[in-house]
Structures are given as structure tokens and as C-alpha cells.
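To start, the structure under review is shown below, and the notes come after it.
Please treat every number below as a calculation from the coordinates, not as lab data. Computed from a predicted model, the values in this text were never measured in an experiment. All Cβ positions, even for glycine, are placed from backbone atoms using ideal geometry, and neighbour counts span all protein chains on display.
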Amino acid sequence: MSTINHSLKLLMNLAKMQAIMSRKFDGLSVHGIGFSDFMILYLLQQAPGERLRRTDLAEKVGLTASGITRMLLPMEKTGLVSRESSERDARVSYAVLTPAGRRVYEEAKETANAIAKEIVPTEITRNQSLAALFKLLGTTI
């Protein structure tokens, strides 16, 4: 029987966790958004002036510039975010949280917090060791 290393085990369990998260966060659909949309609304809500350069937003969510554009288009059509051009540089554009986007974010935040508590037990805190993460992912160090 061949064995796999801890890194591969961790990555396999992360993939499993991603699938679980995806399924659980489908609960955000009652607000008309998915988990990726929620992440974008959160990041914009946290940003100064509730706006970010699209390239910075792409980096924060792990997407390419074209990937973030594809993700933002439906959000722009539904009025959750808007596009703003830079006055200084025509090549730069910003994603801006709209009042409707802020409202949806605030409503969805409760749902997202409740779902997160289902997925991550409350005894797991930021101060615990990597062993806690491995335990959460169903593997051992």
C-alpha cells in the first residue's frame, strides 16, 4: 500500500472542505447571492470609500483580472456594485459598493455567520495551533 504525504492529505481535505462550504453557503441564495458574491461585497464594504481597484479586488479573491470582470458583471447588472473609472488613469477602474449592495451585504451577513458557525466549531479559535486545522479537516499531522 502506498502512502501520501501530509501536504497532499491537507490539500485533499481542503478540496473536500471547499465542496462542503459550497454546498452550505448555497443558503445565501435567499439573498440572491452566492458565497463569492458575498466575499466581494465584504471586501468592498471593508475598503476605504467602499471601493477597490478591480485588479486589487481580483488579487484579494484569487482571480485574474478577466475572472473578476466576469464575476462583477452580473453584480453590476443587479445593482450590487458599480464600475467607476479613474480620473487620473483611464486604464484603471474601480468596483464600488452601491447602497443596494450594502443592504444585501448587511442582510446576508447574518446568514453567512450562521452558516460559518455550522461549518467551523466555536471551540476552534484564531489562537489554536495548526493541529486544530488538521482536526477540522479530518486528518492528522
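Going through (1) within 30 Å of residue 120 (Cβ to Cβ); (2) of a type outside the set (Phe, Trp, Tyr); (3) touching a strand residue (DSSP E or B) at 6+ places or on another chain (Cβ under 9 Å) one by one, residue 76 falls short only on (1).
Can we say residue 103 is basic (Lys, Arg) and touching a residue at least 12 places away in the same chain (Cβ under 8 Å)? Against the criterion (basic (Lys, Arg) and touching a residue at least 12 places away in the same chain (Cβ under 8 Å)), residue 103 does not qualify.
The set of residues in the stretch 41-80 that are of a type in the set (Ser, Thr, Tyr) and either touching a Cys at 6+ places or on another chain (Cβ under 9 Å) or farther than 17 Å from residue 99 by Cβ (or both) comprises 55, 64, 66, 69.
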